[in-house]
Amino acid sequence: MDWSGLDTTGLSYIVVDEIEGGMVGLAVSDWPAQDDKGRLRFDSEPVQAAVELVELERFLALHRQPSQERPLRVGDVFAARTGAPTTHPEGWIEPPIHDVTADAREAAKVAFYAAVAPIIDT
Amino acid sequence: MAAPTPVPSEKFEARDFLADIAPEDLVYFLVNVGDGDTQFVVLPQERDGTRRAIVVDVGSRRKLPALVESLIDSQLLTRRDGLIPVVVGTHPHEDHIAGMPEFLDRVGDFVREYWEPGYYHPSPSYMETMRALEDHPGIQHTQPTSGMTRFVGPVRVVVLAPQISLRNRFDSYGVNINNSSIALKIEFPASRVEQRGSDRRYLRMKRTQGIVLGADAQTLSWGRVMEDFAELRPNDSPVARELRIALGADPLRARVFKVPHHASKHGVNLELVEMIRPAFSLISCAAKGRYHFPHTVAQESVREALEAIATTGGPHRPDDELGIHYTGSTDTDGRPLGSIAIVMSPSGRKRNLWRFGDRPDEPVPLGAGRLFLGPDLSAELPVEEAETVVL
């Protein structure tokens, strides 16, 4: 997985898992490794964090790379350095925040199809 | 949010949970994992004297594998091929599949089939679940939509949601992930044929038991469910009677209802609960969760559907007297009530609710079960509505 050329050393993998009642549920984990089959492996259990939606959108508007103006969506994925989560993103997510949603969605599709259908050897 | 009112301690009595389970009974577990879902349905004993089980979501690590081990140790389950014919990951939110990879890694050799809605989610648990499935190529992968029916031994499992039109919109981001949820109705007994010597006859079954498991489906999805599975009961026309015969039951009527989405305000509405008319409405939620479930709007909808007072005024009875139970609630002595189990007989005469006092990070102590001594709401329903009737 290339992650669009991003150096992911020391970064956390942050997924927007749920948006409910003004709160955003994030699943935060160490950056995944790849096993010998090229599969992404998340060895540690993700930490589930809840942050204020308005605050997160404001924070992303300032620090998202590449810059995009669109509402936050379930399934968005970011790469950033993180500390211990609180409800206020600026207190534990360190800019810049790299938007890797497209790569992550493709990784999810790779994981899915490798599970359900034969892999084509070339 | 309105925190559940503590249930009077004197409404519980310590008894032998395992001794309550007869061979023909089904046992439904709603495991306390906080704001998340883990459900385990132990099916009635089959002719070979063993039982199988269905898993619906695994919202945390360790707890469900430990419960399965306890049930094997207690000889309610037997380690056997096909022990778990179906595992359902209703939708790929962390609070529903965080424990799925570990569960499949540990128990996958006994699993036949995995159901999920087909919603790609780039989360660690989704990708690890797919990795675990890749490592168990013997597990059949299925993406069911509404109407699909699977007969598993003595039970019938009907998929209520998602409707195919929702399924077709998943990849366009047009559908909220909660509305991709697989909602199920489990009905038993499914048997309709009686063998007498060398002859067989069709049984006109009068009573069946139903459990509706709502996952996190919200208003959009439930609207489609009520369209697909319209209530037939009030209509006594010949056509409606024929439909009831064809469908085998009123499609949504059920004795046990796992309230969708932890009783968030978008997860349940009055009409849905009125159609289901449950004796037990079960809500999985943390004592103090991140999203402040359950929501007062949802709680009031369930209460009003079970006991209409809007036009007459006055307060509702306490939740436990309406059959509403929360995994995150406590008794009046401050003890957590924890995981819920319901032991159901095929006739509906037995419908016992048990609590185990475990916190989300503790195993389910089967030996510490307390039987709930509250009323069974079905006794208050008119006879013809008390059970599903197959004409």
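The values are calculated or read from the model by the stated rules, or taken from the named source; none is laboratory data. Everything numeric in this text was worked out from a predicted model, so none of it was measured. Here Cβ is always computed from backbone atoms with ideal geometry, including for glycine, and neighbour counts include all displayed protein chains. Surface areas here come from the heavy atoms of the whole protein model, side chains and all, with no ligands, DNA or RNA. Shrake-Rupley method; radii C 1.70, N 1.55, O 1.52, S 1.80 Å.
Of note:
- Residue match in region A:42-54 (condition: more than 9 Å from chain B (Cβ to nearest Cβ), of a type in the set (S, T, N, Q) and under 26 Å from A:A111 (Cβ atoms)): no
- Test: B:I84 is more than 13 Å from chain A (Cβ to nearest Cβ) and touching a strand residue (DSSP E or B) at 6+ places or on another chain (Cβ under 6 Å): yes
- Top-ranked residue in region A:1-21 [being assigned to a loop (DSSP other than H, G, I, E, B) and open to solvent by less than 40 Å² (accessible area, probe 1.4 Å); ranked as modelled with the highest pLDDT]: A:L11
- Of all the residues in region B:331-348, those that are of a type outside the set (D, E) and open to solvent by 40 Å² or more (accessible area, probe 1.4 Å) number 3.
- Restricting region B:119-130 to residues that are open to solvent by 10 Å² or more (accessible area, probe 1.4 Å) and in contact (Cβ under 8 Å) with a residue 40 or more places away in the chain leaves a set whose member that is farthest from the other protein chains (Cβ to nearest Cβ) is B:Y119.
- Residues in region B:287-297 that are open to solvent by 30 Å² or more (accessible area, probe 1.4 Å) and either part of a helix (DSSP H, G or I) or farther than 27 Å from B:F12 by Cβ (or both): B:R290, B:T296, B:V297.
- Matching strands (runs of 3 or more DSSP E) fully within region B:191-230 where at least 2 residues are under 30 Å from B:L30 (Cα atoms) and out of contact with any His (no Cβ under 8 Å at 6 or more places or on another chain): B:209-213
- Flag if B:P137 is farther than 25 Å from A:D17 by Cβ, outside any helix (DSSP H, G or I) and free of Cβ contacts under 8 Å to residues at least 12 places away in the same chain: yes
- Under the condition of being part of a strand (DSSP E or B), more than 10 Å from chain B (Cβ to nearest Cβ) and in contact (Cβ under 8 Å) with a residue 12 or more places away in the chain, the residues counted in region A:25-41 number 1.
- Checking B:E384 against (1) more than 23 Å from B:Q45 (Cα to Cα); (2) in a loop (DSSP other than H, G, I, E, B); (3) of a type outside the set (A, V, I, L, M, F, W, C); (4) at pLDDT below 95, the condition it does not meet: (2)
- Residue pairs meeting the criteria (Cβ under 6 Å; at least 6 apart or on separate chains; first more than 7 Å from every other protein chain (Cβ to nearest Cβ), in region A:101-116; second outside any helix (DSSP H, G or I) and open to solvent by less than 20 Å² (accessible area, probe 1.4 Å)): A:T101/A:D76; A:T101/A:V77
- Qualifying residue in region A:60-72 (condition: open to solvent by 10 Å² or more (accessible area, probe 1.4 Å), closer than 28 Å to B:F293 by Cβ and touching a Ser or Thr at 6+ places or on another chain (Cβ under 8 Å)): no
- Selection count, region A:73-97, where residues are more than 25 Å from B:P92 (Cβ to Cβ) and either assigned to a loop (DSSP other than H, G, I, E, B) or open to solvent by 60 Å² or more (accessible area, probe 1.4 Å) (or both): 8
- Filter pass, B:G328 being within 19 Å of the chain's Cα centre (by Cα) and either at pLDDT 90 or above or open to solvent by 40 Å² or more (accessible area, probe 1.4 Å) (or both): yes
- Put simply, of B:E321, B:E271, B:E300 the only residue that is outside any strand (DSSP E or B) and closer than 18 Å to B:W354 by Cβ is B:E321.
- Checking B:I54, B:I97 one by one, the residue that is in contact (Cβ under 8 Å) with a residue 40 or more places away in the chain, over 18 Å from B:N32 (Cβ atoms) and buried (at least 22 other Cβ atoms within 10 Å of the Cβ) is B:I54 and no other.
- Residues located in region A:25-49, provided they are over 13 Å from B:S123 (Cα atoms) and crowded, with 18+ Cβ neighbours inside 10 Å: A:R39, A:A49
- Search result, residues across region B:298-318 that are surrounded by fewer than 21 Cβ atoms within 10 Å (Cβ to Cβ) and in contact with a Ser or Thr (Cβ under 9 Å, 6 or more places away or on another chain): B:P318
- Filtered residue count, region B:100-114, keeping only those that are crowded, with 24+ Cβ neighbours inside 10 Å and part of a strand (DSSP E or B): 1
- Filtering region B:264-297 to residues that are closer than 15 Å to B:T219 by Cα, modelled with pLDDT under 85 and within 14 Å of chain A (Cβ to nearest Cβ) leaves B:S264, B:K265, B:H266, B:G267.
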